[in-house]
Structure formats: C-alpha cells, structure tokens
Amino acid sequence: MVKLDVIATRGGDGGETSLGDGKRVRKDALRIAAIGAVDEANAALGLLRVQTAGMAEDAMLARLQNDLFDLGADLCLPGEGGLRITAAHCARLERELAAMNAELPPLRSFVLPGGTPAAAAAHLARTLARRAEREVVALAAAEQVTPEAVRYLNRLSDHLFVLSRRLNGNGAGDVLWVPGAGG
C-alpha cells in the first residue's frame, strides 16, 4: 500500500530527485527525462479520457493509463529490473489496434491532428507517447532499460493513431493533408 503524507519534501530543491532504489540523480538525467515524458503521455491520456467518459473506449484508456504508470515505475529502477510492462502488454496493444483498424477504411492521405475533440486529444496523446519513446530510446543507449519499454511506447503511439481515427467517426471525420494547400 502506498501512503504519501508529505508531498512537498523539499528534497528536490537542489536539483536532484530519488530513484526507486533510493539513488539520488540530477533532475535533468536521461532517466528522469524518460520518466517525465511517460508522465506527460499519461496526463494526455487523462485529458483524452475526459473526452471519452461514458464511451466504450474509456475502459481501454484506463488500462493504458495504468500501464504507463507501471512503465514509469519500471523506469524508476535502474537496469532491467522492474518488468511490470511485459510482452503480454505489447501483444494486448497489438490486438486492440488490429481490432480497431479492421473497422476503418484504408488511408489515401496522411491525417492531420484534429476532427472531434476526442480525436484531437488522442493525437496529442500520440505525439507525447512518441516523445516518451524517443526519451526511453536515448536512455536505453546510455543505460540498461527493459526492451519492452520501447516496444510498448512504439505500439502505444500506433494504437492512439488508430484510436483517433475511430474517434473521428471511423475515419469519416479525419482531417486529411492536402499537399501545398497552405499557400
């Protein structure tokens, strides 16, 4: 059971924070940047859930939020130790992605972020999942990270793209790129 009585500890006032193993690191360390980017993606999913409240997608998004918190917990432990995110999580994302994509017409153009408020929020979450993926890839180049972390974030961004199309009336409301239309 987690119990947090004191939130403002002042422990980070000097620019350092603690990892899950108690080690102190600078707040601009690669690991902290990766954890922060995962947290940003999770917050964007929370914003998306405001748009999908009462919809069938909300339960799926709740699972994704929990997964991202687990992924952050994995990253909080140096090395490949956490392993809360597994190949099974990636496989679940792939199954959900395939099921959603099967209901969509094929794309004939690139899709611009937009359409319904829910689809726009899914696009924002997708871009933040991509940022988290880049940060975890950078961390993995310097330190040990469970490979499932990168795989999960890669699948998640694809999942959120397909979800955005689903939230745009199964693609009917997609905002399509028109090359050179900007003037």
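The values are calculated or read from the model by the stated rules, or taken from the named source; none is laboratory data. Please read these numbers as outputs of a predicted model, since none were measured by experiment. Note that each Cβ is placed from the backbone with ideal geometry, even for glycine, and that neighbours are counted across all protein chains shown.
Taken together, the residues in region 62-83 that are under 15 Å from the mean Cα position of the chain (by Cα) and over 17 Å from residue 132 (Cα atoms) amount to 2.
Of the residues making up region 48-83, those that are under 18 Å from residue 159 (Cβ atoms) and of a type in the set (D, E, K, R) are 49, 57, 58, 63, 67, 70. Within region 107-128, the residues that satisfy the criterion of being out of contact with any strand residue (DSSP E or B) (no Cβ under 7 Å at 6 or more places or on another chain) and modelled with pLDDT under 95 are 107, 108.
Screening the candidates 131, 84, 92 for the property of being at pLDDT below 95 and either part of a helix (DSSP H, G or I) or among the charged types (D, E, K, R) (or both) yields one hit, 84. Taking region 50-68 as the range and being within 20 Å of residue 40 (Cβ to Cβ) and in contact with a Lys or Arg (Cβ under 9 Å, 6 or more places away or on another chain) as the test, the residues that pass are 61, 62, 63, 65, 67. Here the condition is being free of Cβ contacts under 8 Å to residues at least 40 places away in the same chain and in a helix (DSSP H, G or I); of 125, 172, 140, it holds for 140 alone. Within region 50-81, if we keep just the residues that are in a loop (DSSP other than H, G, I, E, B) and among the aliphatic types (A, V, I, L, M), the residue that is modelled with the lowest pLDDT turns out to be 77. The number of residues in region 134-171 being of a type in the set (S, T, N, Q) and at pLDDT below 95 comes to 2.
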